[in-house]
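Please read the structure below before turning to the comments.
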Amino acid sequence: MASETDIVRIPQEKETYRSPCNNPNNYAPDTSYLDHTPMKYIKLNIHYMFPSEVPDDFDEKVARKWAKSMYYAAQEALMKNLPSKLPKDNLIPTLPIRHRYVLTGRPNDPTDDGIYFHFDSKCCYSVKKGKNSTLYKRDMFEEYGIQKDTVLNIFLSPHHPDSVKSKTYGASISGVALRNFIKMMWTYGDFTLKPWAGEAPGTFNHEVGHIYGLVHAWGYNDGCDDTPKHSLDIKSNNVMDYNSNMKAWTPCQIGKTQMRMATSTALARKFLVNNWCRLNVDKSITITDSIDWKCKKDLEGNLIIKSGGVLRLWCRLSIPPNGKIVVEPGGKLIVEPFAKIHQACGEKWKGIEIVKFGKEQGIVQIVGEGKIEDSINGIFEMEALE
């Protein structure tokens, strides 16, 4: 074990530091170091709500195929972020979106594909506006939700027949995010709608965006400087707008979702596949340049700081169980006052390995109240072989 003298402790100067951990721009992926933002996977399932009396021509296979087509189209839109159309002639970078979906059935049932059918006239319908609005009712989720605490439930709820008859109602595909589940309203049984185009996948991604901290990109300040405020009469292609081409995510919006996913107290974090709870050495990150991590991170592999590499931590950093940090000779790790290194799954990680070669060794600096928690060995030394 290394002694206290192997750690350089630097007193914190008053009013010198301000936490950067709540700035969504700091969570936008750096295309030069894309592996520094590990891909996140959102577990979800899809529920069809139908009236009790099902038409004779109803085909469950067609309905299941429709839901999967919409799911795959929404997934594909995440893989192909589009340039923003607003403002005109903008220079907003088009960054990769660092989350995907995983259709998730019940783990104890290998035949469960995560798509469910419920027939209940009492709670299947949705009325999105008017005095009889049921938009914010939670009855279908409370009655039919599956794996509510760990999987994001999405309900396909038909517009009420009386609403559809109204010329002013607007019975198109729309949705609402209700904190821990989503309703998507559609015209009952209309499988002629193209699930891979326009409103269906766009609404899907729009509502998931709400779950992970995004708000509408029009009408008022959404907390992102790269989404200009505009009226609905001006059509953008932003995922948080209202149109048939909601496929553009700005850097700030991507950062916002990553920030929500990295916030340990956020309800929506529970819907993620917790890959940070198991060590995958193939996902190890190597630092060779001078890097600042001004955001919370959950790593899936080891962290290695090579000679010439400097990593400055400003926020929470989780190392996977039995993972470690290696600081090689000529490398440096700096733990700032707001930062802590820990294990986010309640388990233990191995600790920081300071490598020595002759008179040279890796350097670990802890500034002020910077913390190292949950490690088995704390900070320890090892001799490098020639």
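Here, each number is a calculation from the coordinates, and none is a lab measurement. Just so we're clear, the structure is a prediction, and the values are computed from it rather than from any experiment. Note: ideal-geometry Cβ built from the backbone for every residue, glycine included; neighbour counts use all protein chains shown.
A compact table of results
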quantity: Two-site label geometry, PHE357 and LYS306: point separation in nm, points 7 Å out along Cα→Cβ; calculated: 1.1 nm
quantity: Of LYS131/LYS165; LYS256/LYS294; LYS40/LYS348; LYS294/LYS356; LYS128/LYS165; LYS270/LYS297, those spanning more than 18 Å from alpha-carbon to alpha-carbon; calculated: LYS40/LYS348; LYS294/LYS356
quantity: Furthest towards positive pole of dipole, TRP293, PRO20, PRO337, structure part the chain, Cβ charges; calculated: PRO20
quantity: Nitroxide proxy distance, nm - points 7 Å out along Cα→Cβ at ASN221 and ASP162; calculated: 4.3 nm
quantity: Note, ³J(HN,Hα) from phi for segment 214-224, Karplus 6.51, -1.76, 1.60, rounded to Hz, x at Gly and Pro; calculated: 8, 10, 4, 8, 10, x, 7, 6, 9, x, 10
quantity: Length added when fully stretched, ASP89-TYR41, from 0.36 nm per residue minus Cα-Cα; calculated: 14.0 nm
quantity: Whichever lysines have a C-alpha closer than 22 Å to that of LYS359, once near sequence neighbours (fewer than 8 apart) are set aside; calculated: LYS306, LYS332
quantity: Computed [θ] at 222 nm, helices only, for the chain once each DSSP H run of length n ≥ 4 contributes -39500 (n - 2.57); calculated: -4500 deg cm²/dmol
quantity: Cα-projected label distance for ASP282 with SER32, points at 7 Å along beta-carbon direction, nm; calculated: 2.8 nm
quantity: Lone cysteines, the chain (no partner Cβ under 4.7 Å); calculated: CYS123, CYS124, CYS295
quantity: Nearest-ten-degree value, helix 60-79 long axis tilted from longest Cα axis of the chain; calculated: 40 degrees
quantity: Cα-based Rg of segment 1-152 normalised by 2.2 N^0.38 Å, two decimals; calculated: 1.60
quantity: Alpha-carbon spread of segment 38-270, three principal axes, descending order, Å; calculated: 54, 46, 29
quantity: Sites GLU76 and GLU347 - FRET efficiency at Förster radius 30 Å, r taken between beta-carbons, to 0.05; calculated: 0.25
quantity: Karplus (6.51, -1.76, 1.60) ³J(HN,Hα), θ = phi - 60°, over segment 296-312, in Hz, Gly and Pro reported as x; calculated: 6, 9, 10, 7, 10, x, 6, 10, 10, 10, 7, 4, x, x, 10, 10, 10
quantity: Contour minus Cα-Cα distance for SER19 and LYS194 (0.36 nm per residue); calculated: 58.4 nm
quantity: Tensor-based shape of segment 190-340 (alpha-carbon gyration tensor, a/c under 1.5 rounded, otherwise prolate or oblate); calculated: prolate
quantity: Gain on full stretching of the segment that runs from GLN365 to TYR136 - 0.36 nm per residue minus C-alpha separation; calculated: 77.4 nm
quantity: Assigned charges on the beta-carbon of Lys, Arg, Asp, Glu; the chain dipole about Cα centre (debye); calculated: 800 debye
